[in-house]
Structures are given as structure tokens and as C-alpha cells.
Amino acid sequence: MTRTVDDTRLRRWLPFGMSDGDVRLYCLPHAGGSASAYRPWFGRLGPVAVCPVQPPGRETRLREEPFTGMEALVGELAEVVLTEDDRPWAVYGHSLGAVVGFELVREIRRRGGPDPVHLFVSASPAPATPDTDPQVTGLDDEQVVAMLRRLGGTPDWMLADPSVRRMILPPFRGDFALKENYRYRPEPPLRVPITAIAASHDPRASAVSMHGWREETTGRFRAHSIGGGHFAVLEQPSVTHRYIGAALGVLAGAGPVGGTP
């Protein structure tokens with residue numbers, strides 16, 4: 001089931017293009033993050049075509065307004081995914097990206113599109129879990145910067161430089177508004193296998209909170225733990241890639257399994 005999306009729009013969402021591979025892996029960034037977070041993954045997953053997704057409001061889309069509503073975001077992103085060829089596809093989402101990825105899969109199911117072969121989520125409680133993170137709406141810039149320092153993942157020099165802060169704060173604010181506006185709506189569980197990766201010292205997404213993802217699928221569910229904090233999966237890519245490779249069947253030179261059970 002393919003749709004037509006103009007090349008300019010496609011390049012906005014997939015700034016690094018579509019590499020060769022037997023299975024496409026759409027990689028969705030954390031709040032305030034960008035496609036570049038996944039650029040080091042290129043060539044590290046064998047026959048998997050890593051496809052970092054660029055939401056508006058950052059890097060190559062700096063002049064665009066970030067989405068603050070989940071329905072509009074996944075609606076446009078679904079058009080991009082459905083435009084691509086008939087290769088098997090999978091989704092990896094980190095933190096906020098995990099919830100976006102989950103809602104993307106549900107949106108494509110609502111449109112009658114093909115299921116992905118796998119959904120990978122990291123550093124995010126299950127979507128039905130009540131949000132206990134601090135609210136960003138209404139905070140001034142200094143308060144947002146203080147919060148980002150507590151969360152980690154953003155180099156301090158970026159937060160200390162006023163000119164850089166003016167570029168990076170709008171996508172953070174937009175993404176946190178997206179998160180605050182999100183309301184989980186019950187639907188039948190997916191049939192897609194889910195792999196959840198939690199970090200041992202992540203105060204925002206404990207292993208226990210991530211086990212709730214099991215309720216979102218009738219397919220296989222696997223939970224893994226990795227040492228470190230909220231960004232451990234990006235800081236230790238070789239461990240993360242091992243879990244992805246095992247789930248997609250691309251270890252030891254094996255080709256991907258199009259219908260991972």
C-alpha cells in the first residue's frame with residue numbers, strides 16, 4: 001500500500017535519504033532530539049537500512065514549527081512511511097520517540113497499511129502510564145535550561161551559549177508540549193513484536209514501568225536492561241545494536257526475518 005509524497009517533503013522527514021537494506025528501520029528521536037542522534041548507526045546493523053526521522057523545528061527543519069499534537073504528527077509521518085517501497089519495516093523510538101513510534105504504528109494500522117516487523121522502544125514508560133514528568137509549559141528559559149541540565153543528554157556548552165540556546169529551546173518546548181498534550185486512547189493491542197530497553201539508572205523510565213509495553217501487543221514481548229542513565233542506549237550503541245540485530249535476525253550474517261514472531 002504505497003502513497004505519493006513529493007520528494008521535497010520526503011527529504012525533510014528523512015534528511016539522510018533511504019539507504020539500501022532488506023528492512024527499513026525508522027528511528028525516532030527523544031524530546032528536543034534530531035535525526036543526527038542516529039547517524040552513527042549507519043553501517044552498524046548489516047542489512048538493516050537505518051532511516052533517522054527529522055521532526056520539524058530542528059537542524060535541517062529549523063525554521064519550521066514543531067508539532068504539538070500527536071495526531072497531526074503521526075498523520076504526516078504515516079504518509080511518508082506508506083510512500084516507501086514494499087520492503088519490511090520496523091520502528092525504533094527513544095523516550096518521546098517511543099510513544100510517537102507506537103502511535104505511528106497504530107495510525108498506519110487504522111489506514112489499512114502493513115504492520116512493521118518490529119517495534120523497539122527505549123527510555124519510555126508504557127503509553128498508558130500516567131505522565132509524572134514536570135510540566136514545561138509556563139516555565140521561562142532559565143527554568144527549562146535547569147531542567148535539561150538535570151535530565152542530561154544535552155552538552156552544557158550548548159545550554160550555556162545564548163545563541164545556541166535560542167536554536168535548541170524551541171524544539172524542546174514543542175516536544176514537551178507534544179508530550180503534555182498526549183492522551184492515550186485504548187485500542188486493540190498490536191500484533192507487532194515489541195522489544196523494550198530500559199536503563200538501570202533512568203529515573204524517568206524504570207524497568208518496571210517499561211514492562212507495561214507488554215500489554216500493547218499480542219505478539220512477542222522482550223524486555224532488556226542496559227547499564228546507565230536515560231541516554232544509555234545512545235551512549236552504548238553496540239549493546240543496543242545487539243538487541244536490535246537479535247530481534248530482526250541479522251546476527252552472524254543471517255538475513256532479516258520478515259515476520260519475526
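What to note about this one:
- Dipole moment magnitude, nearest 20 debye, the range 157-221 about Cα centre, only Lys, Arg, Asp, Glu C-beta charged: 100 debye
- Of the trypsin sites (Lys or Arg not before Pro) found in the range 1-107, those that fall in a DSSP loop while having at most 16 other beta-carbon atoms within 10 Å are Arg3, Arg44, Arg63.
- Only the Cβ atoms of Lys and Arg (+1) and of Asp and Glu (-1) were treated as charged; on that basis the dipole of the range 1-153 about its Cα centre amounts to roughly 280 debye.
- Within the accessible area of the range 25-111, the carbon and sulfur atoms contribute 49%, probe 1.4 Å, all protein chains present.
- Remark on the chain: Rg and Dmax equal 17.3, 51 Å (Cα only).
- Electrostatic dipole magnitude of the chain [Cβ: Lys, Arg +1; Asp, Glu -1; Cα centre; debye, to 20]: 380 debye
- Stokes-Einstein D for the range 1-122, Kirkwood Rh over Cα pairs, 25 °C, 0.890 mPa s (µm²/s): 172 µm²/s
- Dipole of the chain [Lys/Arg +1, Asp/Glu -1 at C-beta], most positive-end residue of Pro155, Ala247, Ala98: Ala247
- Computed over protein heavy atoms with a 1.4 Å probe, the accessible surface of the range 108-261 works out to 50 Å² per residue.
- GNM result for the chain, Cα springs below 10 Å: residue of Ala232, Ala31, Ala72 fluctuating most strongly: Ala72
- Within a Gaussian network of the chain (alpha carbon springs, distance under 10 Å), most fluctuating of Gly229, Gly152, Gly33: Gly152
- Of the solvent-accessible surface of the range 127-261, computed with a 1.4 Å probe and all protein chains present, 56% belongs to carbon and sulfur.
- Of the chymotrypsin sites (Phe, Trp or Tyr not before Pro) found in the range 94-189, no site is in coil according to DSSP while having at most 13 other Cβ atoms within 10 Å of its Cβ.
- Cα centroid separation - the range 141-170 against the range 174-212, whole Å: 24 Å
- The 3J(HN,Hα) values that the Karplus relation (6.51, -1.76, 1.60; θ = phi - 60°) gives for the range 131-139 are, in residue order, 7, 10, 5, x, 6, 9, 4, x, 7 Hz. Gly and Pro appear as x.
- Checking every one of the trypsin sites (Lys or Arg not before Pro) in the range 181-220 against DSSP loop status and a limit of 12 other Cβ atoms within 10 Å picks out Arg183, Arg191.
- Result for the chain in a Gaussian network model with C-alpha springs under 10 Å: among Val74, Val144, Val99, the largest mean-square fluctuation is at Val144.
The values are calculated or read from the model by the stated rules, or taken from the named source; none is laboratory data. Model, not experiment: these values are computed from the prediction. In this analysis, Cβ positions are derived from the backbone assuming ideal geometry, glycine residues included, and neighbour counts consider all displayed protein chains. Areas reflect the complete protein model, heavy atoms only, side chains present, ligands, DNA and RNA absent. Shrake-Rupley method; radii C 1.70, N 1.55, O 1.52, S 1.80 Å.
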